[in-house]
Amino acid sequence: MAKRWKQRPEGSNWGDFGEDDELGRINLLTPDKVLQAANEIQTGRTFSLSLPLDYPGGSSLNQRRYPPIINPTEDLAYQAGTFYNVIAKDKISPSFIDVWGDDVVTLWPQYSTQWDALAHQGALFDADLDGVDEPVYYNGFRAGDDIVGPATDAKGDDSGSTAFARHLGLEHMAAHGVQGRGVLIDVAHHLGDTAHEWQPINLVMLKEMMAADNVVVEPGDMVIIHTGYATKIVEWEKKPDASRIQAMYSYLDAEDDSLLQWITDTQMSALISDNYAVEGFVHGDETPHTLLPIHNLCLFKLGIPLGELWYTQELADWLRQNGRSRFLLTAPPLRLPGTMGSPLTPVATV
(Lines give C-alpha, C1' and ligand atoms only; values in the text may rest on other atoms or scores of the structure.)
Protein backbone atom coordinates (compact mmCIF):
# COMPACT_ATOMS: atom_id res chain seq x y z
CA MET A 1 0.00 0.00 0.00
CA ALA A 2 1.33 3.44 -0.90
CA LYS A 3 2.21 5.81 1.90
CA ARG A 4 -0.83 7.92 2.76
CA TRP A 5 0.85 11.01 4.20
CA LYS A 6 3.75 13.38 3.58
CA GLN A 7 3.73 14.81 7.07
CA ARG A 8 2.38 13.48 10.32
CA PRO A 9 0.82 15.42 13.20
CA GLU A 10 3.23 16.84 15.75
CA GLY A 11 3.60 14.42 18.64
CA SER A 12 2.19 11.47 16.71
CA ASN A 13 3.73 8.04 16.09
CA TRP A 14 2.36 7.54 12.58
CA GLY A 15 4.55 5.07 10.72
CA ASP A 16 6.52 3.96 13.79
CA PHE A 17 4.83 0.55 13.73
CA GLY A 18 4.79 0.43 9.92
CA GLU A 19 3.24 2.51 7.15
CA ASP A 20 0.15 0.28 7.03
CA ASP A 21 -0.21 -0.27 10.76
CA GLU A 22 -3.78 -0.41 12.09
CA LEU A 23 -3.03 -1.45 15.69
CA GLY A 24 -1.13 1.48 17.13
CA ARG A 25 0.07 0.94 20.68
CA ILE A 26 -1.65 -2.46 20.87
CA ASN A 27 1.55 -3.57 19.13
CA LEU A 28 3.15 -3.21 22.58
CA LEU A 29 1.12 -6.19 23.83
CA THR A 30 3.92 -8.58 22.93
CA PRO A 31 4.38 -12.18 24.13
CA ASP A 32 6.84 -10.87 26.72
CA LYS A 33 4.21 -8.41 27.98
CA VAL A 34 1.65 -11.20 28.29
CA LEU A 35 4.13 -13.30 30.28
CA GLN A 36 4.87 -10.30 32.49
CA ALA A 37 1.14 -9.90 33.10
CA ALA A 38 0.70 -13.59 33.86
CA ASN A 39 3.28 -13.24 36.62
CA GLU A 40 0.87 -10.86 38.39
CA ILE A 41 -1.55 -13.74 39.05
CA GLN A 42 -1.33 -14.79 42.69
CA THR A 43 -4.80 -16.07 43.60
CA GLY A 44 -6.47 -16.99 40.30
CA ARG A 45 -9.50 -14.92 41.24
CA THR A 46 -11.27 -13.17 38.37
CA PHE A 47 -13.31 -9.98 38.12
CA SER A 48 -15.67 -9.11 35.28
CA LEU A 49 -15.17 -5.47 34.33
CA SER A 50 -18.29 -5.12 32.20
CA LEU A 51 -21.56 -3.48 33.00
CA PRO A 52 -24.62 -5.43 31.88
CA LEU A 53 -24.84 -4.28 28.27
CA ASP A 54 -28.33 -2.81 28.74
CA TYR A 55 -26.91 -0.28 31.22
CA PRO A 56 -26.96 2.68 31.80
CA GLY A 57 -30.58 2.55 30.62
CA GLY A 58 -32.46 4.98 28.40
CA SER A 59 -30.67 7.46 26.16
CA SER A 60 -30.02 10.39 28.48
CA LEU A 61 -26.26 9.77 28.40
CA ASN A 62 -26.09 9.90 24.60
CA GLN A 63 -29.18 10.48 22.48
CA ARG A 64 -27.59 8.62 19.55
CA ARG A 65 -27.21 5.36 21.48
CA TYR A 66 -29.95 3.09 22.79
CA PRO A 67 -30.19 -0.11 24.84
CA PRO A 68 -29.99 -3.41 22.94
CA ILE A 69 -33.21 -4.67 21.36
CA ILE A 70 -33.81 -8.44 21.34
CA ASN A 71 -36.30 -10.17 19.06
CA PRO A 72 -36.94 -13.74 17.87
CA THR A 73 -35.62 -14.74 14.47
CA GLU A 74 -37.84 -15.99 11.70
CA ASP A 75 -39.00 -19.61 11.90
CA LEU A 76 -38.43 -22.43 9.43
CA ALA A 77 -41.38 -21.19 7.38
CA TYR A 78 -39.76 -17.72 7.13
CA GLN A 79 -42.31 -16.12 9.46
CA ALA A 80 -40.53 -13.15 11.03
CA GLY A 81 -40.19 -12.80 14.78
CA THR A 82 -41.57 -16.22 15.76
CA PHE A 83 -38.70 -18.65 16.47
CA TYR A 84 -38.82 -18.49 20.28
CA ASN A 85 -40.12 -21.08 22.77
CA VAL A 86 -40.74 -23.34 19.79
CA ILE A 87 -42.17 -26.71 20.87
CA ALA A 88 -40.69 -29.05 18.30
CA LYS A 89 -43.34 -31.78 18.57
CA ASP A 90 -45.99 -29.23 17.55
CA LYS A 91 -44.02 -27.29 14.94
CA ILE A 92 -41.66 -29.84 13.43
CA SER A 93 -42.40 -33.49 14.29
CA PRO A 94 -44.36 -35.29 17.07
CA SER A 95 -41.28 -37.42 17.78
CA PHE A 96 -39.17 -34.49 19.06
CA ILE A 97 -39.05 -33.43 22.72
CA ASP A 98 -37.07 -30.25 22.14
CA VAL A 99 -37.99 -26.66 22.88
CA TRP A 100 -35.95 -24.11 20.90
CA GLY A 101 -35.33 -20.43 20.57
CA ASP A 102 -33.17 -18.16 18.44
CA ASP A 103 -32.82 -14.41 18.63
CA VAL A 104 -31.50 -11.36 16.85
CA VAL A 105 -30.01 -8.36 18.66
CA THR A 106 -30.00 -4.76 17.45
CA LEU A 107 -26.96 -3.39 19.23
CA TRP A 108 -25.42 0.06 19.57
CA PRO A 109 -21.80 -1.05 20.11
CA GLN A 110 -20.86 1.98 22.24
CA TYR A 111 -23.93 2.06 24.45
CA SER A 112 -22.32 0.39 27.47
CA THR A 113 -18.90 -1.09 28.34
CA GLN A 114 -16.86 -0.52 25.18
CA TRP A 115 -13.66 -0.04 23.26
CA ASP A 116 -13.29 2.96 20.97
CA ALA A 117 -11.64 1.97 17.69
CA LEU A 118 -8.94 4.10 16.09
CA ALA A 119 -11.56 4.83 13.42
CA HIS A 120 -13.82 6.46 16.03
CA GLN A 121 -12.15 9.88 15.87
CA GLY A 122 -9.94 11.55 13.28
CA ALA A 123 -9.15 15.19 12.59
CA LEU A 124 -8.77 17.80 9.88
CA PHE A 125 -5.04 17.78 9.11
CA ASP A 126 -2.82 18.62 6.13
CA ALA A 127 -1.36 15.14 5.69
CA ASP A 128 -0.60 15.81 1.99
CA LEU A 129 1.51 18.88 2.78
CA ASP A 130 -0.41 20.88 0.18
CA GLY A 131 -1.72 23.58 2.49
CA VAL A 132 -5.22 22.07 2.69
CA ASP A 133 -6.55 20.24 5.73
CA GLU A 134 -8.37 17.00 4.91
CA PRO A 135 -10.30 14.58 7.16
CA VAL A 136 -7.89 11.82 8.14
CA TYR A 137 -7.52 9.18 10.82
CA TYR A 138 -4.63 7.43 12.57
CA ASN A 139 -1.68 6.69 10.29
CA GLY A 140 -3.21 8.77 7.49
CA PHE A 141 -6.22 6.61 6.65
CA ARG A 142 -8.80 8.69 4.81
CA ALA A 143 -12.42 9.58 5.35
CA GLY A 144 -14.45 8.40 2.39
CA ASP A 145 -11.86 5.97 1.02
CA ASP A 146 -10.89 3.98 4.12
CA ILE A 147 -13.69 4.96 6.51
CA VAL A 148 -16.76 4.76 4.27
CA GLY A 149 -20.22 6.18 4.85
CA PRO A 150 -22.93 7.09 4.99
CA ALA A 151 -23.09 5.40 1.57
CA THR A 152 -25.09 2.75 -0.21
CA ASP A 153 -23.43 -0.66 0.16
CA ALA A 154 -20.49 0.85 2.08
CA LYS A 155 -19.21 -2.61 2.91
CA GLY A 156 -19.37 -3.74 -0.73
CA ASP A 157 -21.06 -7.07 -0.07
CA ASP A 158 -24.76 -6.26 -0.59
CA SER A 159 -25.36 -6.73 3.14
CA GLY A 160 -27.22 -3.45 3.40
CA SER A 161 -24.45 -1.78 5.41
CA THR A 162 -24.31 1.98 4.87
CA ALA A 163 -21.16 2.54 6.97
CA PHE A 164 -17.95 0.53 7.17
CA ALA A 165 -14.41 1.10 8.40
CA ARG A 166 -12.33 -0.64 5.75
CA HIS A 167 -9.33 0.19 7.89
CA LEU A 168 -8.80 0.84 11.61
CA GLY A 169 -11.84 -1.24 12.64
CA LEU A 170 -11.67 -3.22 15.86
CA GLU A 171 -11.33 -6.57 14.11
CA HIS A 172 -7.57 -5.98 13.93
CA MET A 173 -7.34 -5.52 17.68
CA ALA A 174 -9.49 -8.62 18.21
CA ALA A 175 -7.33 -10.71 15.87
CA HIS A 176 -4.15 -9.60 17.62
CA GLY A 177 -5.61 -10.49 21.02
CA VAL A 178 -5.89 -8.03 23.88
CA GLN A 179 -4.18 -9.53 26.88
CA GLY A 180 -1.52 -7.97 29.05
CA ARG A 181 -0.90 -6.20 32.32
CA GLY A 182 -3.58 -3.92 33.66
CA VAL A 183 -2.75 -1.15 36.13
CA LEU A 184 -5.54 0.49 38.11
CA ILE A 185 -5.37 4.04 39.49
CA ASP A 186 -7.96 4.45 42.24
CA VAL A 187 -8.96 8.09 41.86
CA ALA A 188 -12.28 7.57 43.68
CA HIS A 189 -10.56 6.45 46.89
CA HIS A 190 -8.34 9.52 47.08
CA LEU A 191 -11.18 11.96 46.38
CA GLY A 192 -13.22 10.47 49.21
CA ASP A 193 -16.41 12.39 49.97
CA THR A 194 -15.98 14.56 46.86
CA ALA A 195 -15.59 11.63 44.46
CA HIS A 196 -19.12 12.14 43.10
CA GLU A 197 -18.38 15.71 41.98
CA TRP A 198 -17.78 16.61 38.30
CA GLN A 199 -14.11 17.57 38.52
CA PRO A 200 -10.94 17.38 36.42
CA ILE A 201 -7.91 15.40 37.55
CA ASN A 202 -4.63 16.93 36.41
CA LEU A 203 -1.24 15.25 36.30
CA VAL A 204 -0.07 16.60 39.67
CA MET A 205 -3.15 15.13 41.35
CA LEU A 206 -2.86 11.86 39.46
CA LYS A 207 0.81 11.41 40.34
CA GLU A 208 0.12 12.12 44.01
CA MET A 209 -2.53 9.39 44.00
CA MET A 210 -0.22 6.99 42.21
CA ALA A 211 2.64 7.69 44.61
CA ALA A 212 0.40 7.12 47.63
CA ASP A 213 -0.55 3.67 46.28
CA ASN A 214 2.86 2.79 44.78
CA VAL A 215 1.33 2.64 41.29
CA VAL A 216 3.83 2.51 38.44
CA VAL A 217 2.95 2.51 34.74
CA GLU A 218 5.45 0.83 32.39
CA PRO A 219 5.54 0.50 28.58
CA GLY A 220 2.77 -1.71 27.24
CA ASP A 221 0.58 -1.49 30.36
CA MET A 222 -3.16 -0.96 29.99
CA VAL A 223 -4.11 1.83 32.40
CA ILE A 224 -7.51 1.90 34.12
CA ILE A 225 -8.87 4.98 35.90
CA HIS A 226 -11.42 4.15 38.62
CA THR A 227 -13.68 7.12 39.41
CA GLY A 228 -16.84 5.48 40.76
CA TYR A 229 -18.96 6.65 37.81
CA ALA A 230 -20.00 3.16 36.69
CA THR A 231 -20.78 2.23 40.28
CA LYS A 232 -23.44 4.93 40.29
CA ILE A 233 -24.73 3.69 36.94
CA VAL A 234 -25.31 0.27 38.52
CA GLU A 235 -27.03 1.81 41.55
CA TRP A 236 -29.54 3.56 39.28
CA GLU A 237 -30.72 0.18 37.91
CA LYS A 238 -31.29 1.42 34.34
CA LYS A 239 -33.14 4.54 35.51
CA PRO A 240 -30.39 7.15 35.44
CA ASP A 241 -30.84 10.70 36.64
CA ALA A 242 -30.80 12.67 33.37
CA SER A 243 -29.83 15.83 35.25
CA ARG A 244 -26.61 14.25 36.56
CA ILE A 245 -25.46 11.50 34.24
CA GLN A 246 -23.51 13.74 31.85
CA ALA A 247 -21.66 15.69 34.55
CA MET A 248 -20.71 13.65 37.60
CA TYR A 249 -17.61 12.10 39.12
CA SER A 250 -14.08 12.87 38.01
CA TYR A 251 -12.38 12.80 34.63
CA LEU A 252 -8.88 13.30 33.26
CA ASP A 253 -8.07 16.96 32.67
CA ALA A 254 -7.46 17.13 28.92
CA GLU A 255 -6.53 20.82 29.21
CA ASP A 256 -3.45 19.86 31.23
CA ASP A 257 -0.71 19.61 28.61
CA SER A 258 1.54 17.77 31.05
CA LEU A 259 -1.09 15.05 31.43
CA LEU A 260 -1.23 14.62 27.66
CA GLN A 261 2.56 14.37 27.60
CA TRP A 262 2.42 11.76 30.38
CA ILE A 263 0.09 9.61 28.26
CA THR A 264 2.63 9.84 25.45
CA ASP A 265 5.71 9.24 27.59
CA THR A 266 4.43 6.22 29.55
CA GLN A 267 4.06 4.18 26.34
CA MET A 268 0.81 2.76 27.71
CA SER A 269 -0.94 0.45 25.26
CA ALA A 270 -4.52 1.39 26.23
CA LEU A 271 -6.31 3.97 28.37
CA ILE A 272 -9.51 2.94 30.12
CA SER A 273 -11.97 4.49 32.55
CA ASP A 274 -15.21 3.60 34.26
CA ASN A 275 -16.69 6.93 33.16
CA TYR A 276 -18.36 8.10 29.96
CA ALA A 277 -15.46 9.45 27.91
CA VAL A 278 -12.26 9.31 30.03
CA GLU A 279 -12.07 13.11 29.73
CA GLY A 280 -14.41 16.12 29.83
CA PHE A 281 -15.39 18.25 26.85
CA VAL A 282 -13.24 21.27 25.91
CA HIS A 283 -15.21 24.11 24.32
CA GLY A 284 -12.41 26.70 24.13
CA ASP A 285 -12.49 29.81 21.95
CA GLU A 286 -12.93 30.38 18.22
CA THR A 287 -9.44 29.09 17.40
CA PRO A 288 -9.67 25.67 15.66
CA HIS A 289 -9.26 22.98 18.30
CA THR A 290 -10.45 19.52 19.27
CA LEU A 291 -13.45 19.01 21.53
CA LEU A 292 -11.78 15.93 23.05
CA PRO A 293 -7.99 16.36 23.36
CA ILE A 294 -7.37 12.94 24.91
CA HIS A 295 -9.37 11.26 22.16
CA ASN A 296 -7.43 13.29 19.61
CA LEU A 297 -4.10 12.33 21.17
CA CYS A 298 -4.91 8.68 21.74
CA LEU A 299 -7.03 7.67 18.76
CA PHE A 300 -5.76 10.07 16.10
CA LYS A 301 -2.09 10.62 16.98
CA LEU A 302 -0.84 7.65 19.00
CA GLY A 303 -3.15 4.75 18.19
CA ILE A 304 -4.13 4.13 21.81
CA PRO A 305 -7.59 2.54 22.08
CA LEU A 306 -9.87 4.02 24.72
CA GLY A 307 -12.04 1.94 27.03
CA GLU A 308 -15.14 3.59 28.46
CA LEU A 309 -17.88 2.68 30.95
CA TRP A 310 -15.98 -0.27 32.40
CA TYR A 311 -17.20 -1.54 35.78
CA THR A 312 -14.20 -1.40 38.12
CA GLN A 313 -15.59 -1.10 41.67
CA GLU A 314 -15.13 -4.69 42.84
CA LEU A 315 -11.65 -4.93 41.35
CA ALA A 316 -10.63 -1.60 42.90
CA ASP A 317 -11.89 -2.70 46.32
CA TRP A 318 -10.01 -6.01 46.16
CA LEU A 319 -6.77 -4.42 44.97
CA ARG A 320 -6.86 -1.87 47.81
CA GLN A 321 -7.57 -4.53 50.42
CA ASN A 322 -4.60 -6.50 49.14
CA GLY A 323 -2.18 -3.63 48.55
CA ARG A 324 -1.98 -4.20 44.80
CA SER A 325 -2.59 -2.30 41.58
CA ARG A 326 -1.53 -4.76 38.85
CA PHE A 327 -3.22 -7.79 37.31
CA LEU A 328 -3.65 -9.79 34.11
CA LEU A 329 -6.21 -8.09 31.88
CA THR A 330 -7.97 -9.95 29.07
CA ALA A 331 -10.12 -7.61 26.99
CA PRO A 332 -10.65 -8.41 23.29
CA PRO A 333 -13.38 -6.55 21.37
CA LEU A 334 -15.81 -8.44 19.17
CA ARG A 335 -14.15 -9.61 15.97
CA LEU A 336 -16.71 -7.74 13.92
CA PRO A 337 -15.11 -6.11 10.87
CA GLY A 338 -15.55 -2.44 10.19
CA THR A 339 -16.79 -1.14 13.53
CA MET A 340 -15.88 2.10 15.31
CA GLY A 341 -16.63 0.65 18.73
CA SER A 342 -17.31 -2.67 20.37
CA PRO A 343 -18.89 -4.01 23.51
CA LEU A 344 -16.78 -6.44 25.51
CA THR A 345 -16.57 -8.36 28.75
CA PRO A 346 -13.08 -7.64 30.10
CA VAL A 347 -11.72 -9.94 32.78
CA ALA A 348 -9.09 -9.07 35.38
CA THR A 349 -7.24 -11.99 36.95
CA VAL A 350 -5.42 -11.38 40.22
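The values are calculated or read from the model by the stated rules, or taken from the named source; none is laboratory data. Keep in mind it's a predicted model, so treat the numbers as computed, not measured. Cβ: placed from backbone, ideal geometry, glycine included. Neighbour counts: every protein chain shown. To get the accessible areas, we keep the full protein, side chains included, count just its heavy atoms, and leave off ligands, DNA and RNA. Shrake-Rupley method; radii C 1.70, N 1.55, O 1.52, S 1.80 Å.
Numbers at a glance
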| quantity | calculated |
| --- | --- |
| For a label point 7 Å along the Cα-to-beta-carbon line of residue 237, residues of the stretch 37-52 with backbone N under 20 Å | 51-52 |
| Gaussian network model of the chain, springs between alpha carbon atoms under 10 Å - residue of 306, 184, 319 with greatest fluctuation | 319 |
| Extension gain (nm, one decimal) between residue 204 and residue 35, 0.36 nm per residue minus Cα-Cα | 57.7 nm |
| Which of 48, 59, 269 is most accessible, then next, and so on - probe 1.4 Å | 48, 59, 269 |
| Sparse-neighbour loop sites [chymotrypsin sites (Phe, Trp or Tyr not before Pro); the stretch 151-234; at most 16 other C-beta within 10 Å; DSSP] | 198 |
| Zero-based 10 Å bins, Cα pair distances in the chain, whole percents | 5, 23, 31, 24, 11, 5, 1, 0 |
| Label-point separation, residue 3 to residue 16 (7 Å along Cα→Cβ), nm | 1.8 |
| Solvent-accessible ranking of 116, 153, 285, largest area first, probe 1.4 Å | 285, 153, 116 |
| Accessible-area composition of the stretch 145-220, carbon plus sulfur, in percent [1.4 Å probe] | 48 |
| DSSP beta bridges in the chain [antiparallel fraction, %, rounded to 5] | 65 |
| Per-residue HN-Hα couplings for the stretch 4-21 [Karplus 6.51, -1.76, 1.60; θ = phi - 60°; Hz; x = Gly/Pro] | 9, 8, 9, 9, 10, x, 4, x, 8, 10, 3, x, 5, 9, x, 4, 9, 4 |
| Carbon and sulfur %, accessible surface of the stretch 1-106 computed with the full protein complex present, 1.4 Å | 52 |
| Cβ-defined net charge surrounding residue 268, 14 Å radius [Lys, Arg +1; Asp, Glu -1] | +2 |
| Residue 172 accessible area, assembled protein chains, probe 1.4 Å, Å² | 60 |
| DSSP-loop trypsin sites (Lys or Arg not before Pro) across the stretch 231-271, with at most 13 other Cβ within 10 angstrom | 238 |
| Computed magnitude of the charge dipole of the chain (debye, nearest 20; Cβ of K, R +1, Cβ of D, E -1) | 820 |
| In Å², nearest 10: area of residue 74 left accessible to a 1.4 Å probe | 100 |
| Residues of the stretch 125-267: accessible area per residue with a 1.4 Å probe, Å² | 45 |
| Calculated on alpha-carbon atoms, Rg and Dmax of the stretch 1-105 in Å | 24.8, 71 |
| Mean-position separation - Cα centroids, the stretch 243-315 and the stretch 59-99, in angstrom | 40 |
| Extension gain, residue 255 back to residue 134 (0.36 nm per residue minus Cα-Cα distance, nm) | 41.1 nm |
